[in-house]
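J.: Got a structure for you, written out below as C-alpha cells; questions coming shortly.
The values are calculated or read from the model by the stated rules, or taken from the named source; none is laboratory data. For clarity, every value in this text was computed on a predicted model and none was experimentally measured. Note that each Cβ is placed from the backbone with ideal geometry, even for glycine, and that neighbours are counted across all protein chains shown.
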C-alpha cells in the first residue's frame, strides 16, 4: 500500500511537471508569436513610411522649385541635401542627393545616398508617369532598394486628382535585422490642397489598396487597407486609417493609425490584445 502511494505520488508529480512545462512552452510560443507579429507590424510601418516619404521629398522639390535647375530646401530636407532638376530632355530627371555620409534631416532621420526620379510630364497632367529609384540610399542605416512608379489617372468621380502607385521594394534592416520585402498597389486620392498645387504644405491624400511580401523572418504576408489611410505632406507619418495584415500561419493583425493627429503612434490588435508601436 505504501509502495502504491509512492508510485501514485511520483506519477502525480511527473504529470504536474509535464503540465507546468507544457504551459511554459505554450506561454513562450505565444510570446514569440506575438513578438513576431508586432515586429511584422512595425516593419510594415517602416516600409509604408519609407516609400511614401520618397514621394514626399520629390513633391517638395517639384512644388517649390519646379523651374529651377538646382535648389537647397531646408523645410524637411535640411541644409545638407541638394536636389537638382534637369528639364533639358524627356523624361525629366530629379536627383535628391543626401551625400555619402549620414545627413540628419529636419525630420530627425539620418539619410545618405540618392533618390533618383524621372517623370514624363507635369505631376498634375493625366497620363504622366513618375518613376523612383535609389542609389546607395539609406534611412537610419536601413538600405532602401527597389522601384516606385506613380501614374496620374486624372480625376475621379469626386473631382479629385488620383494616382496609381506601385512599389516593388526591399528594406535591408540595419544591424543584421533581415530583409523586408514590400510589394504594393495603392491608389492615392488628393483630397485637400489640389486647388493650391504650388503650396505642398496643405496637401492631404487618402490611400487605398493592398500589398504583400516577405517578412524579415522569411514568412509571407498580405495586407489590405480597410479604411483609407490619411497622409498629410506636412507630417512624416501616416496619421489616420486602418489596415489588416495576414501573416503566414499566424493570427490576423489590425493596424490603427489614429484619427488624423500627426504622431508616430500605431496600434496593433492581435487576438483581441492591443499593442502600441512607435513608427520611428
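J.: Give the stretch 181-194 a look and list any residue that's assigned to a strand (DSSP E or B) and more than 19 Å from residue 209 (Cα to Cα), or say none.
T.: Listed by number, the list holds a single entry, 192.
J.: Within the stretch 178-200, take every residue that is surrounded by fewer than 17 Cβ atoms within 10 Å (Cβ to Cβ) and in contact with a helix residue (DSSP H, G or I) (Cβ under 9 Å, 6 or more places away or on another chain) and give me the one that is nearest to residue 152 (Cα to Cα).
T.: Taking the candidates together, the pick is 197.
J.: Continuing with this model, one more query. Tell me, yes or no, whether the stretch 79-100 has at least one residue that is under 19 Å from the mean Cα position of the chain (by Cα) and either at pLDDT 95 or above or within 22 Å of residue 173 (Cα to Cα) (or both).
T.: no
J.: Output yes when any residue across the stretch 110-121 is part of a loop (DSSP other than H, G, I, E, B) and buried (at least 17 other Cβ atoms within 10 Å of the Cβ), and no when none is.
T.: No; the residues of the stretch 110-121 include none that is part of a loop (DSSP other than H, G, I, E, B) and buried (at least 17 other Cβ atoms within 10 Å of the Cβ).
J.: Let me ask something additional. Are any residues in the stretch 217-259 in contact with a strand residue (DSSP E or B) (Cβ under 6 Å, 6 or more places away or on another chain), in contact (Cβ under 8 Å) with a residue 24 or more places away in the chain, closer than 19 Å to residue 275 by Cα and part of a loop (DSSP other than H, G, I, E, B), and if so, which ones?
T.: Within the stretch 217-259, just 251 meets the criteria.
J.: Separate question: Sort out which residues of the stretch 157-180 are within 21 Å of residue 44 (Cα to Cα), over 16 Å from the mean Cα position of the chain (by Cα) and not in a loop (DSSP other than H, G, I, E, B), and write them in order of number.
T.: Once the filter is applied, which keeps residues that are within 21 Å of residue 44 (Cα to Cα), over 16 Å from the mean Cα position of the chain (by Cα) and not in a loop (DSSP other than H, G, I, E, B), the stretch 157-180 yields only 164.
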